[in-house]
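The values are calculated or read from the model by the stated rules, or taken from the named source; none is laboratory data. This structure is a prediction, so every number in the text was calculated from the model and none was measured. Positions of Cβ are backbone-derived with ideal geometry, glycine not excepted, and every protein chain shown enters the neighbour counts. Only protein heavy atoms, including side chains, enter the accessible area calculation; ligands, DNA and RNA are left aside. Shrake-Rupley method; radii C 1.70, N 1.55, O 1.52, S 1.80 Å.
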Amino acid sequence: MKLLIVEDEPDILSMLRDYFEAEGYGVLCAATGAQAIAGARHSPDLILLDVGLPDMDGLSVCRALRDHLPCPILFLTARVSEADKLQGFAPGGDDYVLKPFSLRELGARVQAHLRREERAHHRTQIRFDRELVIDYGRRVLYVRGQSVQLPKKEFDIVALLSTHPGQVFDRERIYEHVWGLDGAGDSATVSEHVRRIRMKLDAAGCAPVIETVWGVGYRWAKR
């Protein structure tokens with residue numbers, strides 16, 4: 001398992017790196033928000049993210065990563081109120097760990113989140129036909145055996161439609177399901193995401209699977 005640790009205090013960063021490497025993890029380190037976003041390109045299995053960073057706050061980093069990474073994100077913070085927790089969970093945070101923390105407790109929390117992810121990854125793959133398979137646990141599509149990676153929102157749309165084949169979803173309902181009631185956009189965003197999904201599947205050689213129901217929305221084609 002690979003961790004990305006984002007912490008601007010060198011002593012804490014070094015301590016966390018040494019501890020988790022000794023526990024057998026691969027560790028990537030970052031001291032700024034920009035470095036965290038760059039490090040996330042290596043697809044970590046879990047991120048430990050300090051809330052207070054010198055260039056941007058951890059909540060903004062989390063928000064920037066969530067469109068591309070489904071992995072657990074645990075915030076490290078010196079203090080947290082109920083309002084802070086709600087603010088952190090909104091952009092996609094999974095847990096808070098208060099400083100100062102016990103390394104053993106932190107390690108146990110990391111293991112718990114990774115075990116939960118591993119259980120999700122063992123969900124059954126669904127084969128829709130000879131060319132298309134969707135692995136909902138790993139959030140990957142396979143077209144003729146080749147993986148097609150989709151950002152989080154695009155995969156969420158695919159998951160919603162594909163688990164209800166033939167059912168028509170209007171754009172407003174898709175938007176509420178994927179972005180939530182507090183999303184900072186509108187239903188037109190759905191059309192752009194569907195366009196991107198179609199382009200990627202078409203490029204991979206997949207027959208059309210998302211049908212447009214004019215004046216209403218979209219549905220997953222029954223085959």
Dipole of the chain, Cα-centred, from +1 at each Lys and Arg C-beta and -1 at each Asp and Glu C-beta, to the nearest 20 debye?
-> 1160 debye
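Can you give the local net charge around residue 148? Use residues other than it whose beta-carbon is closer than 13 angstrom to its beta-carbon, Lys and Arg +1, Asp and Glu -1.
+2
Please tell me the relative contact order of the chain in percent, rounded to the nearest whole number, where contacts are Cα pairs under 8 Å and at least six residues apart.
Normalised by residue count, the contact order of the chain is 13 percent.
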State the antiparallel share, in %, of DSSP beta bridges confined to the chain, rounding to the nearest 5.
-> 45 percent
Mind pulling the angle between the C-alpha long axis of helix 152-162 and the longest principal axis of the chain? Nearest 10 degrees, somewhere in 0 to 90.
-> 40 degrees
Mind putting a number on the dipole of segment 9-72 about its Cα centre? Charges go on the C-beta only, +1 for Lys and Arg and -1 for Asp and Glu, and I need it in Debye to the nearest 20.
-> 300 debye
Against the 2.2 N^0.38 Å rule of thumb, the C-alpha Rg of the chain sits at a ratio of 1.12
Residues residue 214 and residue 95, FRET efficiency given R0 of 45 Å [Cβ-Cβ distance, rounded to 0.05] = 0.55
Could you sort 220, 179 by accessible area so the largest value comes first, with the probe set to 1.4 Å?
-> 179, 220
Give the residue from 56, 27, 16 lying farthest towards the positive end of the charge dipole for the chain; charges sit on Cβ (+1 for Lys and Arg, -1 for Asp and Glu) and the dipole is referred to the Cα centre.
-> 27
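Remind me, relative contact order of segment 148-223 in percent, using alpha carbon pairs under 8 angstrom and six or more residues apart?
Worked out over segment 148-223, it gives 41 percent.
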